[in-house]
1. Applying 1/(1 + (r/R0)^6) with R0 = 22 Å to the Cβ-Cβ distance of R162 and K30, what FRET efficiency is obtained, to the nearest 0.05?
2. Here are some pairs, K207/K259; K228/K259; K186/K207; K226/K260; which of them have Cα atoms lying more than 21 Å apart in this structure?
3. Enumerate the calculated ³J(HN,Hα) couplings along region 212-229 in order (Karplus 6.51 cos²θ - 1.76 cosθ + 1.60, θ = phi - 60°), each rounded to whole Hz, writing x wherever the residue is Gly or Pro.
4. Would you mind calculating the gained length between R179 and V216 on full extension (0.36 nm times residue separation, minus the Cα-Cα distance), in nm to one decimal?
5. Give the peptides 224-231, 176-183, 26-33 in descending order of average Cβ contacts within 10 Å, highest first.
6. Any idea which of A166, M203, N219 is furthest toward the positive side of the dipole for region 149-222, if Lys and Arg beta-carbons carry +1 and Asp and Glu beta-carbons -1?
7. Once you place label points 7 Å from the Cα toward the Cβ at K186 and R147, how far apart are they in nm?
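Where a number appears in this text, it was derived from the coordinates with a stated rule and is not lab data. Remember, predicted model here, so these are calculated numbers, not experimental data. Using ideal geometry, Cβ is built from the backbone for each residue, glycine included, and neighbour counts are taken over all protein chains shown.
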Amino acid sequence: MWAWSAILKHMGLQCKMSHYQASKKWENLKKRYKELKYPPEGVTECPNTWFLFSLMDDALHDRLQGKAPILTAPNDSSNGDFLPRCRPRKRRAPVTEISLANDLIAGGPEIEITLSGDEDGEEAVTLEGSGLTKGCTLEVFDKEDGRNNDSHKMDRERALWRREKAVLDRELAALERARALLDREKATLERERAIIERERALMEKEKVILDKERDVVHNERVALEKEKASLNRTSTEPARAEEETGSSGAVNSETTDRKKQLLYLFEKLLEGI
């Protein structure tokens with residue numbers, strides 16, 4: 001405990017803060033430093049916003065050695081410069097901040113406050129006058145520091161939540177755009193499918209027409225073959241019969257030539273198709 005007493009005396013905080021309060025303040029400063037030095041993932045912090053960051057960084061990395069005087073343990077006679085240690089007393093009901101402030105304003109009698117967490121156990125301290133006011137003010141500052149740390153942590157969590165929400169909103173918008181693009185492609189495919197169906201139906205109709213024309217050409221070819229066979233049979237008859245039927249044969253020959261020409265044209269047409 002003497003080390004904290006020496007530090008408090010050197011800083012001019014004797015009768016203003018106990019060694020327990022100073023130790024607690026130091027722990028709060030280290031906690032604040034670690035939060036700025038190693039922020040959570042996804043949270044960006046600017047350490048320079050805290051005016052004690054560089055000093056704490058030097059202190060925790062042993063860069064302040066030789067820059068401060070060496071303090072000696074206080075004598076027993078100088079213990080009166082620090083918050084007194086009294087024998088343990090029976091714990092009384094806790095005093096709220098409101099009643100404490102009212103007592104300070106009214107200038108009432110002395111109030112007994114119980115401090116816990118000291119390395120020697122519980123410590124009951126009786127304060128009055130300016131010493132009570134200063135000690136209570138430091139405890140209020142510690143509470144305010146804790147509340148500020150909690151508020152700062154909540155602000156970081158709230159900022160992280162907002163960033164995550166913004167990312168989810170962007171992903172949702174991208175999914176909506178992809179869905180709209182798929183709908184447009186689906187509509188295009190449906191239109192192309194309808195066009196292909198119409199072309200297929202038209203080709204089926206043209207195929208039926210070509211089959212009918214092919215049947216007609218086939219029938220005409222069969223008829224021409226029959227006529228050709230009959231003409232070959234009539235060519236072997238006597239010349240007299242040929243003279244008698246000369247005029248009619250010439251007519252039939254002309255008709256046969258015309259049909260042959262038509263048959264030839266149809267065959268070429270079918271070959272081209």
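1. Numbers: r = 29 Å, r/R0 = 1.32.
Efficiency computed from Cβ-Cβ geometry: 0.15.
2. From the list (K207/K259; K228/K259; K186/K207; K226/K260), the Cα-Cα distance tops 21 Å for K207/K259; K186/K207.
3. 5, 5, 5, 5, 4, 5, 4, 4, 5, 5, 4, 5, 5, 5, 5, 5, 5, 5
4. 7.7 nm
5. The peptides rank, most packed first, as 26-33, 224-231, 176-183.
6. Checking the options against the dipole of region 149-222, the answer is A166.
7. In this crude spin-label approximation the distance works out to 5.7 nm.
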